[in-house]
Amino acid sequence: MANLPPSNYDESEADPCRQIAEAVRDILASIGEDLDREGLIQTPKRVAQMYTELTAGYQVDLNALVNGAIFHVDYPEMVVVLDIDFSSLCEHHLLPFFGKVHVAYIPDGRVIGLSKIPRIVEMYARRLQMQERMTVEIADTLQHILEPQGVGIIVEAKHMCTMGRGVEKINARMVTRAMLGNFEDANIRNEFISHIGYKDEDSTQHHHDHQHEERFA
Ligand SMILES: [Zn+2]
């Protein structure tokens, strides 16, 4: 605590950004760093801003996000949105995990505006997360908003917390999925998976690292 700036602000008006910055100063001091050296002077502030951005999803209001972009359409075929990039923070290590989310649903009279799906993904990615939970939350949210015939979510991601532990794991991907409603049917699920464009064999080879390994089909 020795290197903290004079604490002359009112504790009652707690400013999360400032609190994070002070905590980062504590971490740097604990490492034995010189807080006054040029490269570190702005680091607590930068890290605080970064964490504020990376956890902004807690503040998002789902109704405001959707904002009426639900449309009544008689379209009984599968709607598929592939390769939605995301970056999140693993809640066990506060390190990034990042990759792609693939979304599919079969409407039951209602569809959602295309731009809203990546924003729903972001709402859940910008929190402290587990990939498994994020996958389920995205699926449950679409189920709740659209009440479709079914929803399928597949998330593939690399986790910095495993990548840092050995060169051989650098390409390991973790794949999670959530299949609701008629996506429990193997034919429908496989149609979705076929859009993603890799086969069962590929996926099992590439995500062998993680204890929560999932296989398609
Ligand atoms: Zn982790």
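Selection of region 75-122 for residues being in contact with a strand residue (DSSP E or B) (Cβ under 8 Å, 6 or more places away or on another chain), surrounded by fewer than 14 Cβ atoms within 10 Å (Cβ to Cβ) and small (Gly, Ala, Ser) yields 87, 113. Being in contact with a strand residue (DSSP E or B) (Cβ under 9 Å, 6 or more places away or on another chain), away from the ligand (no atom under 16 Å from the Cβ) and either at pLDDT below 95 or under 30 Å from residue 197 (Cα atoms) (or both) is a condition met by at least one residue of region 59-67.
Is region 131-146 home to any residue that is outside any helix (DSSP H, G or I) and surrounded by fewer than 23 Cβ atoms within 10 Å (Cβ to Cβ)? Even if it seems obvious, please write down each step before you answer.
First, pick out the residues of region 131-146 that are outside any helix (DSSP H, G or I): none.
No, there is no match, as no residue in region 131-146 is outside any helix (DSSP H, G or I) and surrounded by fewer than 23 Cβ atoms within 10 Å (Cβ to Cβ).
Restricting region 1-34 to residues that are at pLDDT 95 or above and not in a helix (DSSP H, G or I), the residue that is surrounded by the most Cβ atoms within 10 Å (Cβ to Cβ) is 33.
In region 91-102, the residues that are more than 12 Å from the ligand (Cβ to nearest atom) form Cβ pairs under 7 Å with partners that are at pLDDT 95 or above and not in a strand (DSSP E or B), at six or more places apart or across chains, as follows: 101/121; 101/138. Of the strands (runs of 3 or more DSSP E) contained entirely in region 54-108, those carrying at least 3 residues that are within 15 Å of the chain's Cα centre (by Cα) fall at 79-90, 96-106. Return the residue satisfying two criteria in turn: it lies in region 158-191 and is in contact with a Leu (Cβ under 9 Å, 6 or more places away or on another chain), at pLDDT 90 or above and not in a helix (DSSP H, G or I), and of such residues it is nearest to the ligand (Cβ to nearest atom). Checking each candidate, the answer is 159.
Residue count for region 109-122, restricted to those that are farther than 18 Å from residue 178 by Cβ and part of a strand (DSSP E or B): 2.
The values are calculated or read from the model by the stated rules, or taken from the named source; none is laboratory data. Please read these numbers as outputs of a predicted model, since none were measured by experiment. Glycine gets a Cβ as well: all are built from the backbone with ideal geometry, and neighbour counts include every protein chain shown.
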